[in-house]
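Report on the following structure.
The values are calculated or read from the model by the stated rules, or taken from the named source; none is laboratory data. Given the structure is predicted, the values throughout are model-derived calculations rather than measurements. Here Cβ is always computed from backbone atoms with ideal geometry, including for glycine, and neighbour counts include all displayed protein chains.
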Amino acid sequence: MAQQSSKSEQTNQQKVTAHNWFNKARRATKQFFMRIDIISAQPQLLTSPLSHSIMQRAQTKGLLEVRLHDLHEYGIGKHKQIDDYQFGGGAGMVMMIEPIATVIDKLKAERDYDEIIYMTPDGETLKQGHCNQLSLKENLIILCGHYKGVDQRVRDLYITREISVGDFVLSGGELPAAILVDAIGRLLPGVLNDESSALFDSFQDDLLAPPIYTRPADYQGHGIPEILLSGHQKNIENWRDEQAYQRTKKLRPDLLGDED
């Protein structure tokens with residue numbers, strides 16, 4: 001009984017955290033607008049994922065503006081160089097500080113930025129809570145790594161936050177940047193048709209989402225849980241809470257902390 005009570009208290013506290021973010025976001029809805037500037041050596045990689053579906057809707061509604069900045073336009077010399085060999089030797093080219101500093105300084109002269117984010121495999125692993133927090137900001141810069149990475153002085157002098165999408169390495173930071181923008185953009189007030197939908201996503205309360213069903217109620221002899229047809233909303237919510245907890249315990253026990 002004590003274990004059941006502890007589980008219920010944990011779930012309720014996680015829901016409170018998610019609802020606090022949701023309510024804070026709603027209070028910030030007056031003329032809400034976010035701008036994200038993305039600095040990239042290959043900006044064309046970002047065009048498609050940010051031009052369709054929910055991200056297209058966010059921009060069409062005037063709730064989100066995404067600006068892509070081609071780092072080559074700020075390159076050094078006649079050949080617009082943006083990378084060079086690393087001091088001390090070693091394989092792989094390093095993105096130079098001058099082109100990056102030039103574009104960041106230009107942007108900062110035009111407006112204040114809440115965060116300057118560097119997408120890198122050795123950054124903090126992206127979590128839903130980070131996305132919630134960032135969705136409350138107004139202006140963000142995202143720097144996409146490429147080649148071997150950026151000169152350390154860029155990270156020391158300009159970067160306020162380093163984010164990774166997982167413990168693996170990609171060819172560049174463009175796809176991680178697209179993931180971050182999508183994860184943030186869908187949370188902006190007015191983007192989703194039903195804003196409360198975001199509250200019930202997996203990880204909002206550190207739990208996986210429960211199973212979901214739609215018509216038909218019977219497919220070749222495979223039905224759905226009777227509770228979902230009962231019309232008793234409180235019982236349905238309790239069932240969903242229990243299912244979310246059990247799925248998390250089975251598939252992602254790490255999300256439950258020290259629980260067995």
Looking only at helices (runs of 4 or more DSSP H) that fall completely inside segment 32-140, which ones have 3 or more residues that are surrounded by 13 or more Cβ atoms within 10 Å (Cβ to Cβ) and free of Cβ contacts under 8 Å to residues at least 24 places away in the same chain? none
Please specify each residue of segment 227-245 satisfying the condition of being surrounded by 13 or more Cβ atoms within 10 Å (Cβ to Cβ) and of a type in the set (Gly, Ala, Ser). ALA244
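Is there a residue in segment 150-167 that is modelled with pLDDT under 95 and either in a helix (DSSP H, G or I) or under 30 Å from ILE100 (Cα atoms) (or both)? If you could, list the steps in order and put the result at the bottom.
First, pick out the residues of segment 150-167 that are modelled with pLDDT under 95: none.
Within segment 150-167, none of the residues are modelled with pLDDT under 95 and either in a helix (DSSP H, G or I) or under 30 Å from ILE100 (Cα atoms) (or both).
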